[in-house]
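What follows is a set of notes on a single structure, which appears directly below.
The values are calculated or read from the model by the stated rules, or taken from the named source; none is laboratory data. Note that the structure is a prediction, hence the values are computed from the model and not measured. In this analysis, Cβ positions are derived from the backbone assuming ideal geometry, glycine residues included, and neighbour counts consider all displayed protein chains. Note: accessible area is taken over every heavy atom of the protein model, side chains too, but ligands, DNA and RNA are not part of it. Shrake-Rupley method; radii C 1.70, N 1.55, O 1.52, S 1.80 Å.
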Amino acid sequence: DRTHMDLPRGDEKLITEVLAANPNTVIVNQSGSAVTMPWISSAKSVLQAWFGGNEFGNGISDVLFGSVNSSGRLLLSWPKRVQDNPSFGNFGSVRGRVLYGE
């Protein structure tokens, strides 16, 4: 149902400008799926936060400021662009019906 994996309009420009101003910036991405990150080679750190619920802010700050070691491991592959997604050939809908496939 999505035609791209881009962040909302203007977000990529903002991230690029913040990274240019301070290369030590930590990018916290809060999304439910993969997104394109054309600026990733300029980022020293990216934290994928998914959807954390009510204590999201406290949990993220505990990780960022070293109160806890999240010991996180990436348990999935992260496509660089929509074409790298296994379901790319099946994106879109036919007469309002979305067909899933890989």
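Yes or no, residue by residue, for (1) within 18 Å of ASP6 (Cβ to Cβ); (2) polar (S, T, N, Q); (3) modelled with pLDDT of 90 or more:
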position: THR36; (1), (2), (3): yes, yes, yes
position: ILE60; (1), (2), (3): no, no, no
position: VAL63; (1), (2), (3): no, no, no
position: LEU75; (1), (2), (3): no, no, no
position: TRP78; (1), (2), (3): yes, no, no
position: PRO86; (1), (2), (3): no, no, no
Quiz item: Among the listed residues THR16, THR36, THR3, which satisfies the condition of being within 15 Å of the chain's Cα centre (by Cα) and part of a loop (DSSP other than H, G, I, E, B)?
Solution: THR36
Quiz item: What pairs can you find where one residue is in the range 82-102 and surrounded by fewer than 10 Cβ atoms within 10 Å (Cβ to Cβ), the other is modelled with pLDDT of 75 or more, and their Cβ atoms are less than 6 Å apart, with a gap of 6+ or different chains?
Solution: GLU102/PRO86; GLU102/SER87
Exercise. Scan the range 4-46 for residues that are open to solvent by 80 Å² or more (accessible area, probe 1.4 Å), in contact with a Pro (Cβ under 9 Å, 6 or more places away or on another chain) and of a type in the set (Asp, Glu) and report the count.
Key: 0
Exercise. Considering only the range 47-66, state which residues are surrounded by 14 or more Cβ atoms within 10 Å (Cβ to Cβ) and either in a strand (DSSP E or B) or not hydrophobic (A, V, I, L, M, F, W, C) (or both).
Key: LEU47, GLN48, GLY59, ASP62
